1. Taking neighbour Cβ counts within 10 Å as the exposure measure, how do A:Phe653, A:Phe768, A:Phe536, A:Phe59 sort from fewest upward?
2. Using 7 Å Cα-to-Cβ label points, what is the B:Arg109/A:His132 separation (nm, one decimal)?
3. Students often check this: by mean Cβ neighbours within 10 Å, which of A:177-184, A:32-39, B:52-59, A:363-370 ranks highest, and how do the rest follow?
4. Over all alpha-carbon pairs of the range B:2-105, lay out the pair-distance distribution in 5 Å bins, whole %, shortest bin first.
5. Taking the Cα atoms only, what angle lies between the long axis of helix A:151-160 and the longest principal axis of chain A, rounded to 10 degrees?
6. Determine which aspartates and glutamates satisfy two conditions relative to A:Lys686: a Cα distance under 14 Å, and not lying fewer than 8 residues away in the same chain.
7. Under the √(5λ) rule applied to the eigenvalues of the Cα gyration tensor, what semi-axes describe the equivalent ellipsoid of the range A:133-339? Give them in Å, descending.
8. Against the 2.2 N^0.38 Å scaling, with N counting residues, where does chain A land? I'd like the Cα-based Rg ratio to two decimal places.
Amino acid sequence: MSLAASAYFRSLLSRFFRREDVAEEMEQELQAHIALRADDLERGGIPRGEAERRARIEFGARERYKEECHQATGGSRFEGLIKDVRYALRMLRKSPGFTLIAIGTLALGIGANAIVFSLLNALVLRPVNVPHGEQIYQIEQGRDRAPSQSYLDYIDLRDRNKSFDGLAAYEIDKVGLDIDGTPTQAFFFEASGNYFDVLGVKPYLGRFFHAEDEHGFNSAPYIVLSYATWQTRFHSDANIAGRVVRVNKFAYTVLGVAPEGFRGTELFFAPEFWAPMVDDEQLNGFNTLKARSNRGKWIVGRLRPGVTQAQAVADLNSVGAYLSKTYPSDDDGASFSLTKPGLVGDMLGAPVRAFVAGLMLLSGLILLAACANLGSLFSARAADRWREVALRLALGSTRGRILRQLLTEAVLVSLGGAAAGFAGSIVLLRWLSAWQPIPDIPINVPVNPDARTYGVAVLLALMSGVLFGIVPVRQVMRAHPYQAIKTGNNITAGVRRITLRDILLALQIAVCAVLVTASLVAVRGMVRSLHSSLGFNPSNAVQVNTDVDMGGYKPEQRAAMQRRLLDAVATIPGVSAAGYADRVPLNIGWSDSSVYSDSTTDFKPSNVAADANAYRVSPGYFEAAETALRAGRAITWNDTKDSPAVAVINQEFARKLFRSERNALGGHFKMWGQRFLVVGVVEDGKYRTLSEDPQPAVFVSIVQSPSSDTWLIVRSNRGTDELGPALERTLNGMNTGLPFIISTWDRELGTALFAARAASLALGVLGFLGAMLAVTGIFGLGAYTVSRRLRELGIRMALGAGKTQVLRAALGRVVRLLVVGSASGLLLGLAATRLLSFIVYQASPRDPIVLAGVVLTMMLLGLLAAWIPAMRALGADPVMLLREE
Amino acid sequence: MGEQAQILPGTLDLLILKAVSLGPLHGYGILLRIGQISGAALEIEQGALYPALFRLVRQGLLKAKWGTSENNRKAKFYELTASGRKRLREEEDGWNRLAAAMTAALSARPEEI
């Protein structure tokens, strides 16, 4: 049996490849037959020409017999398929408009899905790019699911757990990197010594640093370059290992280069190099490794084979119980949980995953709408080909054969659409992967498609092909050759009934209305967030970012250095205000500071009164940032190291700790183990993201609480174009040896707006796609209805029908479908906007402008799509039409 | 479709096997041979022969090779395989039994019952 089967398949295969030979041989044999017969007839006295003619006639229907011979040899399936494909291509070529619209529609649908799936693949499905990346987990705080841990807790976790083959800690930081005499800012990972060994990565060149290289603080002056940095900054120098560079003025030795595909353990962030965490003091300016309360390290670990996630969490929590008991002031109630690495734990991970899932859902809807659209197109086409179908049935073709034919056409169209859509999406994805949304910071999203993406695209294409291909099945099944030939044009009886096409169109319009609603909500949220009060004014202000430690200055020289910079920029003509701070609001990265009420003596986590965004600012900062002072005074140069520590708080802080702004002035609170006196209250603003709820914020004196991080805010009344170069000249003329990054505050703000902008862009594009599909769908059905009923419309006009009546007859049905579809889509869309509220600023579903916008948009789309069919209906000339048939 | 409908299903295959069993033949020769041995009583539309030939080749009852006809034309010659010969014997027996039974049945007279 199996032998026979394999022989059968071999013969199939050989026939498939030698198809032409087989046909050729068959043809020769039949020719020989006719020749032999003609010879006989000629011998009977008939002239040669006549003999050949008669032989051919006697032979019978040669093509039919040839077909039967093919079937008899068993090659019929493959050849049938090839014939179907050929026939389908011929039919599609005969109606290029239809084919183009169908392929275009699908290209949009499948392209959108390929892009969104690539995002999903890159951000959610694909593990970190290390050997056995699926074993790598990130450890989070159990309480608030924050990824940040202290170094000392990390050491305890690393040494006391029994579930991991090593835990590694890392942190994003930046330094002044000096390769050839001029220091520039570089972003990198501070990593624990075992980092590369835990991840199992092997160096491309030289060697990595290991746990054995660590001998206490500042003991391991080594760096490992990323492949990209090695290429761009070190010109792919093959002898790089052993070269000495200056990092914040300290001599560090380049040990080696990481492999090309390895960009660390965060998906968005591509570090330029890795340096041992024990050198924190040199890299960071001060040692953050000594205090258990100083949380900022992220931990990943490789789970031991055979250990479940739950077991590992239980194990970590037993370490947590130990920490909580031993260090109650810092680790009270410590507990841990695990999450996928790559997106700063759940901090970015949760919203990103939710958003990508939401996008996937919406793009799935797009494809569904596209399929509904094509389904109705194909069914209209099948109806128009009624006569052809009936004729083929009459000539002995089977219904199965005709269905297979229609399905082949559908799948061909869907494959064509997939190819076009995928080509487009690859271009977009390449661009997206190379896109660096935030200036000066090596952040990007590598979303290049891989084999999985290709597979999904093909699968989607086949599925959608079958999905819209089966729509006309019922029509073909009902087809009866006799009826078709008799009436010529059928289904005039079905005009009043609700058909499958109507349902499909209504469904499609509903889906499109959902998309339009979602994108309008997003755009509206975006606009609103731009108009909401930021608590500062970014226009006409320039930021200068530097870190005075990068110049190798001693901690006690910081304040003087910063003051020198401030005094220098204040003398630039046109500068109206200048100040500096250790951080600015709405920049990337933030940190919470625990605030306690004045009466607190036990500083354990459960006694925290508020988590506030803390800024160390210089006198003049509020004027430079144009943050309005609502009560009290700002920070002055009279607030020195010897005077009481003062703080300016925002309204939300005042409400949280003192219940009102009035009570706040003169009040005290505790933070960083210090007691602060409230001297002023400023307006609320945005600190982390635009979509955040009001947050408490506190501004303390940078003179009293020094920091090396320096963001100079310089406001000018002469415009930023002139100010930028002037700042560059002034600052570089000072020969401080510091790297400066100068840019306008508006530009820097792009960082904060990034997430919202990207989300709005994505939703906007999807909404646009949805709108396009609605237009083609309505246009398709409208045009089809009008062309089918053109004669009837002409007769109506001949009998004296007015324009309104003609239009109502022609397009009334389409308009009713539009209204029903839009209304249900709008309701669904409003329900779905709740999902958007986590990323879109104040996404309110009951916004009258959004409601009106959706209704207006759908009406406009309907008008646009129905315009041409309506014109055609009105232009129906009764005389011409009657003469036509 | 008129003429083929007259031939009992399966009889064409039997006729072809019988014709070929008397010596290798090309397609046209098979037709002539069938006409000759049936006394020209059975006529087959010429083209209809070929699907049957291809089917028999595929079933392994016939084998074919190219050769030259008596008047020097290139033609494909068919001959029986071993299993073709066996099948012919079985079909002949079957047919004879059927024919005998039919003849007996049709020649029955009232007094014999």
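1. With the sparsest Cβ surroundings first, the list reads A:Phe768, A:Phe59, A:Phe536, A:Phe653.
2. Each label point is offset 7 Å from its Cα along the Cβ direction, giving 9.9 nm.
3. A:363-370, A:32-39, B:52-59, A:177-184
4. Reading upward from the zero bin: 2, 12, 22, 24, 20, 11, 5, 2, 1, 0.
5. Roughly 70 degrees, rounded to the nearest 10.
6. Straight-line reach from A:Lys686, under 14 Å: A:Glu626, A:Glu652.
7. Calculated on Cα positions only, the semi-axes equal 31, 19, 13 Å.
8. So the Cα radius of gyration is 1.27 times the expected 2.2 N^0.38 Å.
Values quoted throughout were computed directly from the atomic coordinates according to the rules given, and no laboratory measurement underlies them. Small disclaimer: the values here were computed from a predicted structure and weren't measured. With ideal geometry, Cβ positions are generated from the backbone for all residues, glycine too; neighbour counts draw on all protein chains shown.
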